[in-house]
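Nothing in this text is a laboratory measurement; each read-out follows from the coordinates by a stated rule. These numbers were taken from a predicted model, which means no experiment stands behind them. Positions of Cβ are backbone-derived with ideal geometry, glycine not excepted, and every protein chain shown enters the neighbour counts.
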Amino acid sequence: MRAFIDSDILIWHLRGERKAFNFLKKLKLNSSYEFWIGVMQRAEIVFFMRPGEEDATLLFLSQFKTAAIDQIIVDNAAVLYRRWNPSHGTDINDALLAATAMHTGGTIFSLNYKHYPMPEVTVQKAW
């Protein structure tokens, strides 16, 4: 099963947060999960790398498959965004990840659980 890791967890790991490291390590040891990220979550990380962080960050991201998005996912994400942004703060990146998980299957792991109120999406809080 795909384990979609939200950017908040990726960022905490890259900042050296032990809880993020332990969570990812535990999840990696569970053979029923494959590590995935959404295209926008990857963009959030690589766009904001600082000088000197490139090699370590790209090495870390190489552990994840990146799910592509297409017209169907974008159109579904737009529906999710319009429905859930006003009440839950779901942003474009959240909506795209939710639509990706809905389309391809899998679970989203995030600390921003409230950004994924969609009943069609399986979400678990990381820690």
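Counting other Cβ atoms within 10 Å, keep those with at most 10, restrict to DSSP loop, and tell me which GluC sites (Glu not before Pro) in region 24-127 are left.
Glu120
Placing unit charges on each Cβ (+1 for Lys and Arg, -1 for Asp and Glu) gives the chain a dipole about its Cα centre, and among Ala56, Gly89, Ser31 the Cα reaching farthest toward its positive end belongs to Ser31. A simple count of charges around Arg15, restricted to other residues whose Cβ falls under 13 Å of its Cβ and scoring Lys, Arg +1 and Asp, Glu -1, yields 0. Among 8-19, 92-103, the peptide with the highest mean count of other Cβ atoms within 10 Å heads the list, and the full ranking is 92-103, 8-19.
Annotation note: chymotrypsin sites (Phe, Trp or Tyr not before Pro) in region 33-96 located in DSSP loop regions with a Cβ neighbour count of at most 14 within 10 Å are Phe48. Taking other residues whose beta carbon is less than 12 angstrom from the beta carbon of Gly38, and scoring Lys, Arg as +1 and Asp, Glu as -1, yields 0. Take the alpha carbon atoms of region 101-115, find their center, do the same for region 1-77, and report the distance between the two centers in whole angstrom. Using only Cα atoms to place each centre, the spacing works out to 12 Å.
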